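Right, one structure below, let's go through it.
The values are calculated or read from the model by the stated rules, or taken from the named source; none is laboratory data. From a predicted model like this one, the values you see are computed outputs, not experimental measurements. FYI the Cβ positions are ideal-geometry reconstructions off the backbone, even for glycines, and counts take in every protein chain you see.
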Amino acid sequence: MPLLESGARGTADSADKEGRRAAVMAALDTVLDPELDEPVTTMGFIEALTIEGRTAEIVFRLPTFWCSANFAFLMASDMRCAVESLPFIDVASVRLVDHFASRKINQGVAAGLGFAAVFSGEAETNLEEIRRTFRERAFLGRQEKLLRLLAGLWGVEQALATTMADLDALNGHDNDEVRGLTLRYLAMRRHEGSSAAPDAAAFITLDGAPVTTAGYPVHLRALRSARGAAEANAEMCRLYLEARIAHPAPGCEPENRQDEDDD
């Protein structure tokens, strides 16, 4: 087989690098800020990505120096797991910068330690409890958006009568908003421990009970509260991050690739 000419080989190498980079970014798209239920990529947290051989280095920065350590640890750990699941990556080095606990978090995640081990004597809440709490909030937030949309299109009774089979059918809906919200809700609905059988109720409470017409007003108020708080926090985080990038502290400029801050 003839060898590729240098120009063709260079083009192929470049395409391969771009493809691997795109795959790593797609993996990072699956990592959510646990409080905001938004991808770390969408929130603008990813500052740099370098791929050398079978190693990826991800640098990320949060909106403020004092962002919660447990949230930061969750995101760093999830980033590592997501990227190392790719077949062409053996090691994902995740580095949080410009954060009060960056050294502990970076060392702990690199060593594969749990949050309680890294923050021994400091952690007051089990990390899995935090993960579950914010997963429940995310579930309710996604449900509220889809349920409110379907209730507006079909009426409350028909929307509440939606089954899992109906949701699957909505994946092919010609309305982009309906299709997008359905996909996001389904991604969590299937993993909440309740029945995902075709005839199971699509819209359920955290206890697994179907949302009824009589209980809809109270349930909707709870859903709106969860979504409103999440959206307000997300907007605040975006504003903080934009301000931080526009007016960085000395030595913390985005292009400055120095190692961790001291604790």
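Taking residue 91 as the residue in question, decide whether it is in contact with a Leu (Cβ under 9 Å, 6 or more places away or on another chain) and touching a residue at least 12 places away in the same chain (Cβ under 8 Å). Considered against the rule, which asks whether it is in contact with a Leu (Cβ under 9 Å, 6 or more places away or on another chain) and touching a residue at least 12 places away in the same chain (Cβ under 8 Å), residue 91 comes out as no. If you go through the range 154-174 and keep only what is within 20 Å of residue 218 (Cβ to Cβ) and either surrounded by fewer than 16 Cβ atoms within 10 Å (Cβ to Cβ) or not aliphatic (A, V, I, L, M) (or both), you end up with 155, 157, 158, 161, 162. Against the definition (within 25 Å of the chain's Cα centre (by Cα) and part of a helix (DSSP H, G or I)), how does residue 180 come out, yes or no? It is true that residue 180 is within 25 Å of the chain's Cα centre (by Cα) and part of a helix (DSSP H, G or I).
Given the structure, is residue 64 among the hydroxyl-bearing types (Ser, Thr, Tyr), out of contact with any strand residue (DSSP E or B) (no Cβ under 9 Å at 6 or more places or on another chain), more than 18 Å from residue 28 (Cα to Cα) and in a helix (DSSP H, G or I)? So residue 64 does not fit the description; no. Taking the range 43-66 as the region of interest, how many residues are surrounded by fewer than 15 Cβ atoms within 10 Å (Cβ to Cβ) and either more than 25 Å from residue 133 (Cβ to Cβ) or modelled with pLDDT of 90 or more (or both)? Residues that pass the stated criteria total 6.
Exactly one residue out of 117, 138, 169 is out of contact with any Phe, Trp or Tyr (no Cβ under 8 Å at 6 or more places or on another chain), in a helix (DSSP H, G or I) and not assigned by TED's automatic domain parsing to the domain that holds residue 183: that is 117.
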